[in-house]
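Structure first, commentary second.
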Amino acid sequence: MAGILIHSAVEQGELRAEFWELVTVARQLAPSVGGGLRVALAGSQLGDALEQARRAGAAEVRVLEHAQLADPWPEGHFEALAALCGRLDPEVVLVPRTPLGAEVAARLAIRRGASLVHDVTHVQKGADGITATRPVFGGAVSATVQARRGPWVIVPRPHAFAAAAPADGEASPVVREAFAPATPPRTFCGARTRQGSSGAKDIEKARVLVSGGAGLGGPEPFRLLGEVAELLGGAVAASRVAVDAGWVPTSLQVGLTGRSVAPDLYLAVGISGATHHLAGCSSAQVIAVVNSDPAAPFFRLANYGVVGDWKEVIPAFRDALKEKLATSRVA
């Protein structure tokens, strides 16, 4: 038993950003694990994703290609990965923390009798096994956990590790693996629909997020946040309270039960800063908060804060941005 295997995350034929974060973790663990690095790529029509994966610096890329693997189908992806692990017997398997990845990781750990270490923000391997740090109690504190017995299935927390740069040199060789789904499969994927408007920006990819919460009082103020976000070249996000109230779609929710984001700027308007929300945005490079309550927990995390009524602060900020941008164009 040796080596590290990355189970790559593919979406619409392209690698998700989490893949390069897994590469960072693999490179950190490689000196203590030994046995080399391999990538498992599962999906359908993997041309672009395969070429990207070949730049990870792995000894090889194992391709499991089948039309049914194009869907986020837990049964199929798990069986494909489990069969591959049976042949390669890796010591460490790295799986992205996506809805599909979380389910596949849990199933794989049970099948292999492996130790599952989930949602880690720091990880290392020593003589006593794997030691990792992960957030607990809604992200309020961090806990250090130890998994002494291998093999290990590790699920890093999104944005907790910097994305690795593609490796220099020749691309990794490709080994194509056979995959035949169970006949008939016990589960299948139905039709999928994407939430939100077709023109909405993905909050996980946006470099600037303008996020609104309960303090806005309703859905209308999100139009104002949208204006600010557009001026900044960013996207609108929201807290769980705003989503639960039906003001915005769930695709915009940031937090422990929503999405984890790591933009260059996170501007929080009317959000108090509950721990489950902070867990989703604490990786932002800069956090700015506008809230009328000077005791709001968000101010403890913020780089910049304005204590005031958003109805006065945000329109003034928008107008100042417009003026600044207009001046820049003239210059």
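The values are calculated or read from the model by the stated rules, or taken from the named source; none is laboratory data. Bear in mind the structure is a predicted one, so any value in this text is a computation, not a measurement. Every residue, glycine as well, gets a Cβ built from its backbone with ideal geometry; the counts of neighbours run over all protein chains shown. SASA here: full protein model, heavy atoms, side chains in, ligands and nucleic acids out. Shrake-Rupley method; radii C 1.70, N 1.55, O 1.52, S 1.80 Å.
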Percent antiparallel among DSSP beta bridges confined to segment 200-285, rounded to 5, stands at 0 percent
On alpha carbon coordinates alone, what is the Rg over Rh value for segment 90-227, Rh being the Kirkwood radius? 1.05
Considering the chain as a Gaussian network with a 10 Å cut-off on Cα pairs, which listed residue, Val136, Val93, Val254, attains the greatest mean-square fluctuation? Val136
The summed charge of the Ala82 Cβ neighbourhood (under 9 Å; Lys/Arg +1, Asp/Glu -1) stands at +2
Could you check how much of the accessible area of the chain is carbon and sulfur, as a whole percent, using a 1.4 Å probe? 51 percent
Total formal charge among the other residues, if their Cβ is under 10 angstrom from that of Arg134, Lys/Arg +1 and Asp/Glu -1: 0
Measuring from the longest principal axis of the C-alpha atoms of the chain, the long axis of helix 99-112 (C-alpha) lies at a number of degrees, nearest 10, equal to 30 degrees
For the chain, with every protein chain kept in place, what is the accessible area per residue (1.4 Å probe, Å²)? 48 Å²
Taking the Cα centre of each part, how many Å lie between segment 110-150 and segment 208-250? 35 Å
Are there any chymotrypsin sites (Phe, Trp or Tyr not before Pro) in segment 129-188 that are in a DSSP loop and have at most 14 other Cβ atoms within 10 Å? List them by number. Phe188
Residue with peak Gaussian network fluctuation, the chain [Cα springs, cutoff 10 Å], from Ser239, Ser142, Ser283: Ser142
How far is helix 18-33 tilted, in degrees, relative to the longest principal axis of the Cα atoms in the chain, given as a value from 0 to 90 rounded to the nearest 10? 50 degrees
Segment 203-276: trypsin sites (Lys or Arg not before Pro) in DSSP coil with no more than 12 other Cβ atoms inside 10 Å: Lys205
Filter the GluC sites (Glu not before Pro) in segment 157-254 to those in DSSP coil with at most 11 other Cβ atoms within 10 Å of their Cβ, and list the result. Glu170
Restricting to the chain, what percent of DSSP beta bridges are antiparallel, rounded to 5? 25 percent
Test of understanding: in a Gaussian network model of the chain with alpha carbons linked when under 10 Å, which of Ala191, Ala106, Ala279 would top the mean-square fluctuation ranking? Ala191
Express the relative contact order of segment 144-274 as a whole percentage, based on alpha carbon pairs under 8 Å and six or more residues apart in sequence. 27 percent
Calculate for the chain the 222 nm mean residue ellipticity that helices alone would give, adding -39,500 (n - 2.57) per DSSP H run of length 4 or more and normalising by residue count, nearest 500 deg cm²/dmol. -9000 deg cm²/dmol
